[in-house]
Structure formats: structure tokens, C-alpha cells
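Below: one structure, written as C-alpha cells.
The values are calculated or read from the model by the stated rules, or taken from the named source; none is laboratory data. Everything numeric here is computed off the predicted structure, so don't read it as measured data. Ideal geometry is used to build each Cβ from the backbone, glycine not excepted, and the neighbour counts take in all protein chains shown.
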Amino acid sequence: MKRLNIILSCGLLALAGSAVAAGDKDATAHRHKARAASHSGKGAVAPHAPVRLSAEEIVHRNVKARGGEGAWQKVETLTLSGKLEAGGKQNTELPYVMKMKRPEKSRLELVFQNQTAVQTWDGEKGWKTRPFLGRSDAEPFTPAEARAASDWQPLDGPLIDHERKGIHVSLVGTDTVEGHPAYELSLTMKDGTERKLWIDARTFLEAKVEGEPRKLDGRVREVSIFYRDFKTEHGLTTPRLYETVVQGVKDTHKMQVEKLVVNEAMDDKLFAQPNLSLARAGK
């Protein structure tokens, strides 16, 4: 599920931001206030200190809380759909569909002004179409987009069977996230990229993940994605609400998962370079 979260940071919201920019170019021109303290959790007093555990013990409890490795191993494909806030003066909500297939394939469709943007990843290469910017030709992923996609593609996330995936997990220490005690983990991906992940010390579910930094107004800004509203369906416990917070930006972006489908049949062609006629038809 972590793949979705990084796509939120680097893909979904990138496409959404492009859509809003097309219809509202000045929407983000004056967003310079610091984000609300309730999002950071830094300096908050935890109700009690988390139990002292090793990184592997935390991973084990997280996997169990999410439904267990066995339940996730049965998932070959996963489809998520709903709406996300794209920001702008009207804080536009855009419908989306995300399809994922093992081992590392994904397809995102995002609708704006009756036009469908498509973003695909075949496990090695990625493409995107953004017709609302007059750019219907399939463009290759930028290096940053490709790096984020390759780092976080497994649909069951980085922690399940992380050693086989080439992901090293270490414990940084304890922290608070929105006033709750949490374990701060450092994940070193197979290409050496490092990401921080916070696990709630009470539920052992994800609380927050570090997203791909963004450059705004000439400054590199930290990105955090918060996990909320966990539900269990098909034996899998997943968040149904994600909120992306960019350092120094007042407005946040929320993404609601309204429907989850497991093991829907998916042809590999869905994840290849987008067919322009299909993209325009929204298929």
C-alpha cells in the first residue's frame, strides 16, 4: 500500500496539481504560511512512552495489524478508486482510479474537466498523459517520478518481506505524530534512497510517511503523508483517507478511498505506454 502513498506525493498529486494549474494558474501563488502544528506532532507530549522494540519486532506487528503476510500474498491485483482534493481556489475534487498488479505494475487515471489523465508504470518504465494541459502525447516519467515509482511499487508495501525486496529497515527512535506515540523507522531502498516511516505505537499501523520533497518558490520543502480511517476488507486493513502536507504550505490535499477491489483481472497492456485513443476515451 505504500506505493499508493508515494504516488500521492509524486504522481497523483502531481497530476492533480497540473490539472488545477490548467484551470487556476494563480491558485497557489500566495501559499506561504506554515502548516498547522497539529500536522507535525513535533514537540507534542505523548500519553506514554512506547514499549521498547527492535525494528524487526515493529515490522512484525505492523504486518500482523495490516492483515498478515498470508492475506497479502493472496493479492495479485488491487484497485482503489475515489476522489482527491487537488487544491486551488475551489479545492477541486477529482475522481481517480488506481490499478496495481504484481510484481510492480500500476496505472492511474485522473479525471479533470471531462478529460482523463493517465499515468502508467510497467515495472521498469513509466509514462503519463496530461490532456488538460494540451499534452495528450505520452511523456516518459521524469527521473524523480521513475525513482519514486521503482522504490515503492510492491502493492503490499515495503515492510512485508522487505529483505527479499532489498529494503533495509532500521529504528531511528520514538516520536509523536499528531499527539500519539510512534516509532520512527528509516527505510533504505535498493538504490540507496532513504525514506522515513512512522508506525503508531498503539495500533502498529502506519501513521505517517515521508514523501518525495518538492521544490516551491526556489526552496526544497519536506512532504509528509498522513494515514487515517483504517478499515478491514478482504482480510486487509488499509487506510481510506490520506492527507498530504507540504512544509510551509497552508493548504493540504486529502485523498479518499471509496472503493477497494481485490484480484480483479488485469491485462498487462493496461500498464504499457498509454494508447492515446484509450486515454482520450478514459478507458
Tally, over the range 245-283, of residues that are modelled with pLDDT of 95 or more, part of a loop (DSSP other than H, G, I, E, B) and touching a strand residue (DSSP E or B) at 6+ places or on another chain (Cβ under 9 Å): 4
Looking at SER81 and the list (1) surrounded by 20 or more Cβ atoms within 10 Å (Cβ to Cβ); (2) modelled with pLDDT of 90 or more, which single condition is not satisfied? (1)
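Restricting to the range 180-195, and then to whatever is touching a residue at least 40 places away in the same chain (Cβ under 8 Å) and farther than 27 Å from GLN119 by Cα, can you tell me which residue is surrounded by the most Cβ atoms within 10 Å (Cβ to Cβ)?
From the range 180-195, those touching a residue at least 40 places away in the same chain (Cβ under 8 Å) are 180-183, 185, 191, 193, 195; that's our starting set.
Narrowing the set further to residues that are farther than 27 Å from GLN119 by Cα leaves 180-183, 185.
On the way: HIS180: 18, PRO181: 21, ALA182: 23, TYR183: 27, LEU185: 23.
By that ranking, first place goes to TYR183.
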With the requirement that a residue be surrounded by 21 or more Cβ atoms within 10 Å (Cβ to Cβ) and either in a strand (DSSP E or B) or in contact with a Gly (Cβ under 8 Å, 6 or more places away or on another chain) (or both), what does the range 196-222 give you? LEU197, TRP198, ILE199, ASP200, GLU206, ALA207, LYS208, VAL209
Some residue of the range 126-140 being over 24 Å from LYS215 (Cα atoms) and β-branched (Val, Ile, Thr): no
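Here's the yes/no breakdown for (1) within 28 Å of THR193 (Cα to Cα); (2) acidic (Asp, Glu):
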| position | (1), (2) |
| --- | --- |
| GLU206 | yes, yes |
| VAL209 | yes, no |
| PHE226 | yes, no |
| HIS234 | no, no |
| THR237 | yes, no |
| TYR242 | yes, no |
| VAL246 | yes, no |
| LYS254 | yes, no |
| ASN275 | no, no |
With the condition being among the hydrophobic types (A, V, I, L, M, F, W, C) and free of Cβ contacts under 8 Å to residues at least 12 places away in the same chain, I'd like the strands (runs of 3 or more DSSP E) fully within the range 108-179 carrying at least 3 qualifying residues. none
Every residue from the range 194-253 that is hydroxyl-bearing (Ser, Thr, Tyr) and within 26 Å of LYS64 (Cβ to Cβ): THR203, SER224, TYR227, THR232, THR237, THR238, TYR242
Somewhere in the range 229-236, is a residue assigned to a strand (DSSP E or B), touching a residue at least 40 places away in the same chain (Cβ under 8 Å) and over 12 Å from the mean Cα position of the chain (by Cα)? yes
